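The values are calculated or read from the model by the stated rules, or taken from the named source; none is laboratory data. Note that this is a predicted model, so its numbers are computed, not measured. Cβ placement follows ideal geometry from the backbone for every residue including glycine, while neighbour counts extend to all protein chains displayed. Accessible surface is based on the protein model in full, side chains and every heavy atom, while ligands, DNA and RNA are left aside. Shrake-Rupley method; radii C 1.70, N 1.55, O 1.52, S 1.80 Å.
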Amino acid sequence: MGTPEQEGAVRHLLRGFSAALVAGVLAVGLLLGGAEPASAYSRPSEVPNPFQDYSAQDYADALWNLETEVGVRTRDQRTSGDCEVITFEVSDPLGDQPTRTYTHIADDDGWWCSGDDADTLRAELDEKGDSSKNFFHGRPYENTAQRVPYYGSWADVNGNGVTSRTEIHARDLGNSSFTLSGSYWDHYTGQRVNIGTTETHGEHMIPVGHTWPEMQHRSREDRVAYYNDPMNLTSTIGSVNREKSGHTPSEWMPSNEDAWCSYAMTWVHVSAKHEISQYESDIRHLRGILWECLDNELPDHDADTLPQGRSSDLDWPSLPPEEYPLAQAPDGTSPRDMQGKEHYAHAVRLLEREVPVRGVERETRGDCDVQTFTSTHPRTDKRLTLARVISSDNRYCAGSDGDRLRAELEEQAKDSDSFFHGSPLSGQRREYFGYLTQQQDSGLTTRNSVLERDFNQTEWNSTDTGVTGGEFHDPYTGEHHRHTAAETVVDHILPVEHAWIELEHRDADERSAFYNDPKNLLATTRDSQREKAGDGPRNWMPSHEDFQCRYAAAWASTAADYQISLYASDISVLRQSLYHCLTDQG
């Protein structure tokens, strides 16, 4: 980077150039050292269009790339002297690559910061960047001051003598030649617009400013390719473009909801293709839309394969395994057997479409706390509220405050099928769930059935109804153990403590079915069980990495089967684990 005075002079000079002169200089630059021309479009209908009818397979590909290819961005801003230090961190979605850091110094308005503080900070950041290949010191984005010299103007990138802006306008107008007359369908607003009488812009759906933290450190070829990519460009009314400005999907979506699937597809496709990171809030938003779009394209919601067909205009960095995302899990009664692409793909779909999302709030009311859980189904949006009165240590809260609050919640729960008044589990486990004594198909109790399944060289009592010895492999640690009555336990993978919030309000048969479900049970050691306790995946995963995929699949399967809600943070850990499993399975 040059000195602030040099960079300021260059910026001032560029602002003084006429648009025609800048465009001419850029055109020469592209011809001398730009990207290889794409195949020239001979007519507007050949120009790829982001607003098209996508298939179920296209949406599956988009979801796959969203979870495996698109970097996750965070933003932090701190004041240092007279300047602001703005830092973006980009993490790999699967955690396989080191985090990249992009930082720059700006003034209060987001522009170049001058002065001694700025010089000192820039020197520090330059030194840090010199010592790390994953740390990048850049500069603030100042719209046209960086847009033209870094990205170029509208260019003829495929050698047909027509700029990309003219190409996409002619495409949207439906013209037979690259002429700009007539009317186009504005996908953002859902109305037909006359280009001759209405201010019309060539709109970058992923805005230039959003790409700046990363793109300023890429080659000019990469920036020009992004800037002129027709799959990121659409014609829209100027005022709508200004309204959208640099907003991301969680902040702004087209008023025309019919365009949402294509708009979400574009954000994921262009992000994956051009390696542009997205904020977690936008990834969540895009994920929800794309799953709905996929479901809407499936003629049979119980199908286990996707209809054939991919858009030739989508070029993804990677494609999912054929089992993704509709595979039906093979039959089986052991979480130890929940391995392979079919299981993991099935678990992903359950996690995204069938497992309710849990939220929690806690409010102190006198001597007690009111803890309120919400459970929201991801596909139907059905929402339940489950509230209880507890003490500061999460037990039953006695006294007048507790009695009064319980009466209030009980009154609120009357005649409601969406609000439930509950209580803490403490002291009620055996009363509500009993023991692992339910008889299985084998004729054995649940405990003995699980031990027989998980043991090698099983030893029995004299009536062959009770396991007395054997050896087993602890899936949580990967260690081998000899069975002892004191140290061998049967553990619920999805803990009873977590399931209690909902299961308290189910009937005895459903609670018993959950408690005795062999797909949620494993033989392990008492030490492993104590370490895991009632923790969710966000706080605990097996130290034995070879079992983590099966553990994640078991959590998703059990939560879906019994409609037990999971915290978003737990879902995030399970999601990343399952996609990692699918990519490793290749």
Inset, instruction - Any chance you could run the full-extension gain for Glu411 through Glu471? It's 0.36 nm times the residue separation minus the Cα-Cα distance, nm to one decimal. - result: 16.3 nm
Inset, instruction - Order the peptides 340-350, 202-212 from the highest to the lowest mean number of other Cβ atoms within 10 Å of their residues. - result: 340-350, 202-212
Inset, instruction - State the answer as a single residue: which of Thr120, Thr166, Ser132 lies farthest towards the positive end of the charge dipole of the stretch 108-168, with beta carbon charges of +1 for Lys and Arg and -1 for Asp and Glu, about the Cα centre. - result: Thr166
Legend entry - By accessible area with a 1.4 Å probe, ligands and nucleic acids excluded, highest first: order of Arg139, Arg379, Arg550: Arg379, Arg550, Arg139
Inset, instruction - Please state, to two decimals, what the Cα-based radius of gyration of the stretch 217-334 comes to when divided by 2.2 N^0.38 Å (N = residues). - result: 1.28
Inset, instruction - Find the percent of Cα-Cα distances in the stretch 71-134 that exceed 15 Å, and round it to a whole number. - result: 55
Legend entry - Using θ = phi - 60° and Karplus 6.51 cos²θ - 1.76 cosθ + 1.60, couplings along the stretch 124-129 (whole Hz; Gly, Pro as x): 5, 6, 4, 5, 5, x
Legend entry - the stretch 380-412-the stretch 334-365 distance, computed between alpha-carbon centres (Å): 26
Legend entry - Distance (nanometres) between label positions extended 7 Å along Cα→Cβ at Arg530 and Ser42: 7.8
Inset, instruction - Give me the distance in nm between label points sitting 7 Å out from Cα along the Cα-to-Cβ direction at Asp381 and Arg78, one decimal. - result: 4.1
Legend entry - Whole-number Å³ per residue for the convex hull built on Cα positions in the stretch 55-210: 189
Legend entry - Largest to smallest accessible area among Thr266, Thr380, Thr372 [probe 1.4 Å]: Thr380, Thr372, Thr266
Inset, instruction - Calculate, for Ser462 and Thr198, the FRET efficiency according to 1/(1 + (r/R0)^6) with r their C-beta to C-beta distance and R0 56 Å; round to the nearest 0.05. - result: 0.05
Legend entry - Cα-centre dipole for the chain with unit charges at Cβ (Lys and Arg positive, Asp and Glu negative), debye to 20: 640
Inset, instruction - Subtracting the Cα-Cα distance from 0.36 nm times the residue separation, let me have the gained length for Tyr435 to Glu221 in nm, one decimal. - result: 70.4 nm
Legend entry - Hydrodynamic radius (Kirkwood) for the stretch 427-584, which is based on Cα pairs only, to one decimal in Å: 16.4
Legend entry - Mean shadow area of the chain over all directions, Cα convex hull, nm²: 34.1
Legend entry - Zone of Ser572's modelled label, taken as backbone nitrogen in the stretch 79-105 under 15 Å from a point 7 Å along Cα→Cβ: 89-95
Legend entry - Sites Ser245 and Leu298, calculated FRET efficiency, Cβ-Cβ separation with R0 22 Å, nearest 0.05: 0.05
Inset, instruction - At a 1.4 Å probe radius, which order do Glu531, Glu89 fall into by accessible area, largest first? - result: Glu531, Glu89
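Kindly provide the Kirkwood hydrodynamic radius of the stretch 296-365 in Å, to one decimal, from all pairs of distinct alpha carbon atoms.
15.0
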Legend entry - Gained length - Thr189 relative to Gln52, 0.36 nm times residue gap less alpha-carbon distance: 47.7 nm
Inset, instruction - Diagonalise the Cα gyration tensor of the stretch 116-203 and give the resulting equivalent ellipsoid semi-axes, square root of 5 times each eigenvalue, largest first, whole Å. - result: 42, 16, 11
Inset, instruction - Between Asn134 and Glu452, take the C-beta separation as r, use R0 = 60 Å, and let me know the FRET efficiency to the nearest 0.05. - result: 0.70
Inset, instruction - Within 10 Å, count the other beta carbons around each residue, average over each peptide in 103-114, 457-468, and list them highest first. - result: 103-114, 457-468
Inset, instruction - Provide the per-residue ³J(HN,Hα) series for the stretch 238-245, in order, calculated from phi with Karplus coefficients 6.51, -1.76, 1.60 and θ = phi - 60°, each as a whole number of Hz, with x at glycine and proline positions. - result: x, 5, 5, 4, 5, 5, 5, 6
Inset, instruction - Please give the per residue accessible area of the chain, computed with a probe of 1.4 Å over protein heavy atoms only, in Å². - result: 46
Inset, instruction - Measure off, as a whole percent, the carbon and sulfur share of the 1.4 Å-probe accessible area of the chain, all protein chains present. - result: 44
